[in-house]
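Worksheet for the structure shown next.
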Amino acid sequence: MTITCKLLLQNHAQDWQEATVHPFLEQCQLGIIQPQQFNTWLMQDYLFVVEFTRMVGRVLASAPPEHFDVILGGLAVLRGCLKSRGCCKKALSV
């Protein structure tokens, strides 16, 4: 059975709603988020990406070679996230 986005949304509509509708996201969308709130999220997200990158490295160590391209592609995306958030790294070291 193929799992599609449409199928997931049909079977898990409540979960999708709870995961995607939140005052923080709504304020971001409207451009009314307070800078301190956004900066707190940005730093927390930076920490998540750092730890997630480490976890992906552990996964790569035991993955079959035919999965390397997908995993390494994901790491390239994470590298971009970390590179673009140098300000977070600097703020966390203060």
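The values are calculated or read from the model by the stated rules, or taken from the named source; none is laboratory data. Bear in mind the structure is a predicted one, so any value in this text is a computation, not a measurement. So basically every Cβ, Gly included, is an ideal-geometry build from the backbone, and we count neighbours across all protein chains shown. Side chains included, ligands, DNA and RNA excluded: accessible areas come from the protein's heavy atoms. Shrake-Rupley method; radii C 1.70, N 1.55, O 1.52, S 1.80 Å.
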Inter-label distance for Arg54 and Gln27, nm, one decimal - labels placed 7 Å from Cα along Cα-to-Cβ: 3.0 nm
So what are the ³J(HN,Hα) numbers for region 42-51, from phi and the Karplus equation (6.51, -1.76, 1.60; θ = phi - 60°), rounded to whole Hz, Gly and Pro as x? 4, 5, 5, 5, 4, 4, 4, 5, 4, 5
Run lengths n ≥ 4 of DSSP H only: what is the helix-derived mean residue ellipticity at 222 nm for the chain, with -39500 (n - 2.57) per run over all residues, to the nearest 500? -25000 deg cm²/dmol
Among Gly74, Gly31, Gly57: highest mean-square fluctuation, GNM of the chain, C-alpha pairs under 10 Å: Gly31
Candidates Thr20, Thr40, Thr53, ranked by Gaussian network fluctuation over the chain, Cα under 10 Å, top entry: Thr20
For the chain, what is the accessible area per residue in Å² when the probe is 1.4 Å? 81 Å²
For the chain, modelled as a GNM with alpha-carbon contacts under 10 angstrom, which of Ala76, Ala13, Ala63 fluctuates the most? Ala13
Taking all pairs of distinct alpha-carbon atoms in the chain, Kirkwood radius in angstrom: 16.2 Å
Which sequence of Val77, Val49, Val21 reflects their accessible areas, 1.4 Å probe, from the largest down? Val77, Val21, Val49
Test of understanding: what is the full-extension gain from Leu82 to Ser62, defined as 0.36 nm times their sequence separation minus their Cα-Cα distance? 4.8 nm
Out of the total accessible area of the chain (probe 1.4 Å, heavy atoms of protein only), what percent is carbon and sulfur? 63 percent
